[in-house]
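Visitor: Here's a structure for you.
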Amino acid sequence: MSEEALSIIDKRTQATYEIPICDGTIRAMDLRKIKTGPDDFGLMTYDPAFMNTSSCRSGITFIDGDKGILRYRGYPIEQLAGKCTFLEVAYLILFGELPTEPQLTEWVDQITHHTMLHETSKRFLEGFRWNAHPMGMLVSTVAALSTVYPEAKQVLDPDSRKLQIMRLIGKMPTIAAYTYRHTHGFPYIYPDNDLSYTENFMNMLWRMMEPKYQANPVIAKALDILFILHADHEQNCSANAMRAVASSQADPFLSIAAAAAALSGPLHGGANEEVLKMLDVIGSKSNIPAYIEKVKAGQFKLMGFGHRIYKNYDPRANVIKWAADSVFEVTGKNPKLEIALELERIALEDEYFIKRKLYPNVDFYSGIMYQAMGFSPEIFTVLFAIPRTAGWLAQWQEMITDPEQKIARPRQIYTGPMVRDFVPIEQRGVPAAV
Ligand code: ACO
């Protein structure tokens, strides 16, 4: 029996049980032996939305939500954002260590040589309506890559996994840029291997007739920082979707599509787009108090505020605030920043937000910065999905190589009718309105 244990008395039977405690948790399966009799299934836990359930052991990302700490593989996010490139951080997240110089050179070279999309994928994109949402196009196109790379199904083969990882990190910016070009009716731009990861993305998005695209270095650097901040965030909704779908050994293209679909929702990555819409609705600083009153009355949420884990300032929002200065020097201030800063000030002094520990999250300021950099709101969540692909893939690798993991399959508490005899249609009463 472990040193740390939980004693449980089952008042139904008066039996006592010792449940080991390890890493501050008990194993839900240990509760199964708590039974009222041989026919009893055993005790389960009920935890809708996984409020207090660890679904895995993970060595990738550490968050202390009360202190506002975020670290990838032990390195504070502020240091990584200030000193690394996104591809360096992606390597760290995926392989556990910061790359040496030769490792980084090889990694960048590998990613750079996987940026092209199969021509059929380009034609696939052309089938979307001009006003299709970029996230819908991204999710479908990533899923479609599963048909281009059938060998990706070999998810238990480490070499195959590494190849798919390079393909996905290489191709996500290309797909993302093509969704934008499709919306605007612009011809697709092929990747340029001379450029860095973010510069090349900007090239594929924005190059028009110029023979060689010159990215603004300040914007490219700021985008790289934003990519670092969004690279992973432990067991959030989309990481959980990635792990759950991939636990059936679905290939990584399909699993990434599922994770990106989870990201698209307004309560998750879709919030950055919603923040901008909200700031447009508010319109001016003088309208903020009335807007806050409506939020407090439960009419809608303050988008970009609140977090399941952070009960303090989201450290990513802090980094964005300092990175924003250099962007605004080049682009001029986004007029929405004034409204956002005032909204934050008023909310953080309000009892409703103080009591519930609601602070700005990463999405509150990222959209303002993206807009200043020239991105339109519909593409904000796509900008989130590009770097998060590294995190999803790291979570996938960790899950697939963890001997404790199996196909994800939660239990339920059944609340429907137990058993009923079939009723012929002519004998059925008028059903209650649904
Ligand atoms: N505005 C107003 N009230 C809020 C907000 C908000 N943004 N967020 C939470 N609350 C309130 C809830 O209504 C609840 O109040 P109650 O106790 O009176 O019922 C209380 O704070 C606790 O909130 P929950 O909904 O239980 O918190 P949960 O952890 O389930 O939700 C979430 C977290 C989804 C992020 C939520 O805060 C939210 O919807 N925020 C707005 C959307 C957003 O910004 N999402 C991006 C998150 S970051 C990311 O995914 C990258």
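Values quoted throughout were computed directly from the atomic coordinates according to the rules given, and no laboratory measurement underlies them. Note that this is a predicted model, so its numbers are computed, not measured. Cβ: placed from backbone, ideal geometry, glycine included. Neighbour counts: every protein chain shown.
Visitor: Reachable aspartates and glutamates from Lys33, Cα under 17 Å, same-chain residues fewer than 8 places away excluded?
Guide: Answer for Lys33, where 17 Å is the Cα cut-off: Asp10, Glu18, listed by chain and number.
Visitor: Related question: Give me the number: length gained by fully extending Arg411 to Lys11, i.e. 0.36 nm times residue separation minus the C-alpha to C-alpha distance, one decimal in nm.
Guide: Contour length minus the Cα-Cα distance gives 141.6 nm.
Visitor: Using R₀ = 41 Å, calculate the FRET efficiency as 1/(1 + (r/R₀)^6) where r is the Cβ-Cβ separation of Gln427 and His118; round to 0.05.
Guide: E between Gln427 and His118, to the nearest 0.05, is 0.10.
Visitor: If you don't mind, there's one more thing I want to ask. Pick out which of Glu273, Glu338, Glu378 has the largest mean-square fluctuation in a Gaussian network model of the chain, springs linking Cα atoms closer than 10 Å.
Guide: Highest fluctuation among the options: Glu338.
Visitor: Next up: Principal axis lengths of the chain from Cα atoms, whole Å, largest first?
Guide: 78, 65, 57
Visitor: Among Lys67/Lys171; Lys122/Lys333; Lys83/Lys122; Lys221/Lys285; Lys301/Lys321, which pairs are too far apart, with a Cα-Cα distance over 29 Å?
Guide: The answer is Lys67/Lys171; Lys122/Lys333; Lys83/Lys122; Lys221/Lys285.
Visitor: Collect residues whose amide H, placed 1.01 Å from N in the peptide plane, falls under 5 Å from the amide H of Asn361; neighbours closer than 5 in sequence don't count.
Guide: For Asn361, whose amide H was placed from the backbone, the distant partners under 5 Å are Phe305, Gly306.
Visitor: Once Lys and Arg get +1 and Asp and Glu get -1 on their Cβ, which of Ala394, Gly332, Gln371 lies farthest toward the positive end of the dipole of the chain?
Guide: Of Ala394, Gly332, Gln371, it is Gln371.
Visitor: Taking Cα centroids, how far is the range 220-264 from the range 15-79 in Å?
Guide: With the range 220-264 and the range 15-79 each reduced to a Cα centre, they are spaced 22 Å.
Visitor: Just how large is the dipole of the chain about the Cα centre, in debye to the nearest 20, putting +1 at every Lys and Arg Cβ and -1 at every Asp and Glu Cβ?
Guide: 1000 debye
Visitor: Where a ≥ b ≥ c are the square roots of the eigenvalues of the C-alpha gyration tensor, would you call the range 211-340 rounded, which needs a/c under 1.5, or, failing that, prolate if a/b is larger than b/c, or oblate?
Guide: The shape class here is oblate.
Visitor: Something else about it: Could you work out the Rg to Rh ratio of the range 125-167, with Rh taken as the Kirkwood radius (inverse of the mean 1/r over all Cα pairs)?
Guide: Numbers: Rg = 13.2 Å, Rh = 11.8 Å.
In the range 125-167, Rg relative to Rh is 1.12.
Visitor: Quick check: net charge around Ile400, other residues with Cβ under 15 Å of its Cβ, Lys/Arg +1 and Asp/Glu -1?
Guide: 0
Visitor: Further question on the same structure: For the range 2-127, taking Cα atoms only, what is the radius of gyration to one decimal and the Dmax to the nearest whole Å?
Guide: 23.9, 68
Visitor: Moving on to the next point. Say each of Lys83 and Met418 gets a label point 7 Å from the Cα, pointing the same way as Cα to Cβ; how far apart are those two points in nm?
Guide: For Lys83 paired with Met418, the spin-label model returns 6.5 nm.
Visitor: Highest GNM mean-square fluctuation, the chain, Cα pairs closer than 10 Å: which of Thr174, Thr141, Thr120?
Guide: Thr120
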